[in-house]
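Nothing in this text is a laboratory measurement; each read-out follows from the coordinates by a stated rule. Quantities reported herein were computed from a predicted structural model and do not represent experimental measurements. Cβ placement follows ideal geometry from the backbone for every residue including glycine, while neighbour counts extend to all protein chains displayed.
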């Protein structure tokens, strides 16, 4: 069922056309990622879907009964509320519904034949089911822990940093569970563990989602569909990020084949135009016009195909490259390093060596000291004890504040401070425009002031400038922040071709897996672990270890079995809740009806006449959907049946 429909949408700001004749439909249960270059109209499309931005032309149609909410880049809070109160304040309707359910349950127990009461209870139960709001207090507690907000729960929410306030707003939204949730860069300001928790909630709670993200791992895990904004149009791809890449490659090949056929046709028509006297006749003017149109298409297609091919080649390069054999020069020798701030230990007894071709990702929880290690390596702060010996080499540094850029300079001033319009890039003498074109800057940007650029554009300039420096080591602090996926691909290509050492902080798992050959993992309390695994593999193993530890903890609790059994016996309910009783009564009939439907669909799929009439693909999709519902309902029935039998025992 479509919850949001956009028809023939056009959006124009002055002379800039962002969207032109766009159709978009968001169905219940879909999780749709919007990708595309910065400034192409992703956020505008999302705001039109939300209804806070009006299209220049076109129509927005929504189901008025649904609740649509969006995570704001700069959320607003009541200044008098602390963090926990700010979250609870957004959940007032759910808390009121739970109180209403408790009251109605009591009334129904006393007067079971009152149909109006039963209908009201049914309606309230469905509402709580939909929002999964049966144990809100436990959920609030967990989200405070997972988003690292527990330590701030009694602080005024407006006293937090911008990133922390966004985490509070995100926590409120995922607990509230609107019918449609819109998220613009939700993983910004989250460390990898917070992102994993967010992924778990979004999948488990079956959100309907429209989101923008440059985190390709997040897109691959969450998205059921990817739409790309390209040349003012939308192109839709089924599945996650890897599926998007595969389908885009297939599309590129199809375009190339179409172009080949177009050239053959154009050659034939050009020969006719050149030789035939009849081409001058009035009735053949249409055919002449067709030749001119074919010429234009033939000029346009190779540019599009080549552009797609370059993007795919960048993305599909192997994660690990062979390193040349030979002795590696030592850059840093770190010996028993200690560093603390405000009585918080960030680095404790850390010893390591960094060599000339090392590609090291510094990862871990927020606030553990990752950027601090970079500043220690750069010599900007001093360690409490221990030493960092630095060899004779040069460093290029990229930080989140883009300190190398000056707002009053133009791009040409920035890249050619001594005049002229050429620069040297790793032995190549290039025109500055040809170089900046690699970083997706059009020629008219050369005379733009740095102050006029967006955050993402400034990051692109800073990175482009960094790669013009003749350095032996790159130190990068969150280099993918504010970049679109196309620019991240370019950054990855530059880094993979860089011959020196790279030391970088990032939460982008996909980026880390692609670039790093070694990890420094900040575990908290000053502990830094070294690993040569891929980051994804490390996180997967870490998750399994935590599960084993949790199981061991649970087993440990069973030591006092008699106490536990006695406690459970006291708390044991004497009858099923209204919701459980309702499912126990209704589910057998529903399961039987689903079994009959599955049999009917299988019978049709075995009959060529039937499946040709109804469509093989449609029948297969319907069967898969019915089987999924059957599985869920059967599982739920077994659960309540087991509960019922335990109460009877």
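Given in Å, the Rg to one decimal and the Dmax to the nearest whole number for the Cα atoms of the chain are 30.0, 104.
Using Cβ counts within 10 Å as a stand-in for footprinting exposure, how do 441, 211 rank, fewest first? If you can, show how the numbers build up before the last one.
On the way: 441 20, 211 26.
Least crowded to most crowded, the residues run 441, 211.
In cubic angstrom, how much convex hull volume per residue do the alpha carbon atoms of the stretch 182-229 span? Could you put the intermediate results ahead of the total?
Details: hull volume 3.7 nm³, N = 48.
Given the Cα convex hull of the stretch 182-229, per-residue volume reads 77 Å³.
Enclosing the Cα atoms of the stretch 21-87 in their convex hull gives a volume equal to 161 cubic angstrom per residue.
Give me the tail of P(r) for the stretch 133-179 as a percent: Cα-Cα pairs with distance above 18 Å. Here the long-distance tail beyond 18 Å is 26 percent of all Cα pairs in the stretch 133-179.
Report summary: the helix-based calculation at 222 nm, which adds -39500 (n - 2.57) for every DSSP H run with n ≥ 4 and divides by the residues of the chain, gives -16000 deg cm²/dmol.
Computed over the stretch 53-135, the range of Cα coordinates on each principal axis works out to 55, 40, 17 Å, biggest value leading. So how do 433, 532, 397 line up by other beta-carbon neighbours within 10 Å, fewest first? By the 10 Å Cβ count, ascending: 532, 433, 397.
Volume of the convex hull of the stretch 573-648 (Cα atoms only), normalised per residue: 78 Å³.
With the convex hull built on the Cα atoms of the stretch 20-167, state its orientation-averaged projected area in nm². Provide the component values of the computation, followed by the final result.
On the way: hull surface 50.6 nm².
Mean projected area for the stretch 20-167: 12.6 nm², to one decimal.
If the viscosity is 1.002 mPa s and the temperature 20 °C, what Stokes-Einstein diffusion coefficient in µm²/s follows for the stretch 330-542 when Rh is the Kirkwood radius over Cα pairs? Please report the intermediate quantities before stating the final value.
On the way: Rh = 18.3 Å.
Translational diffusion coefficient: 117 µm²/s.
With the convex hull built on the Cα atoms of the stretch 141-254, state its orientation-averaged projected area in nm². Could you put the intermediate results ahead of the total?
Details: hull surface 33.4 nm².
Averaging across all directions leaves 8.3 nm² for the Cα convex hull.
The stretch 431-504 to the stretch 20-41: how many Å between their Cα centroids? The distance from the Cα centre of the stretch 431-504 to that of the stretch 20-41 comes to 27 Å.
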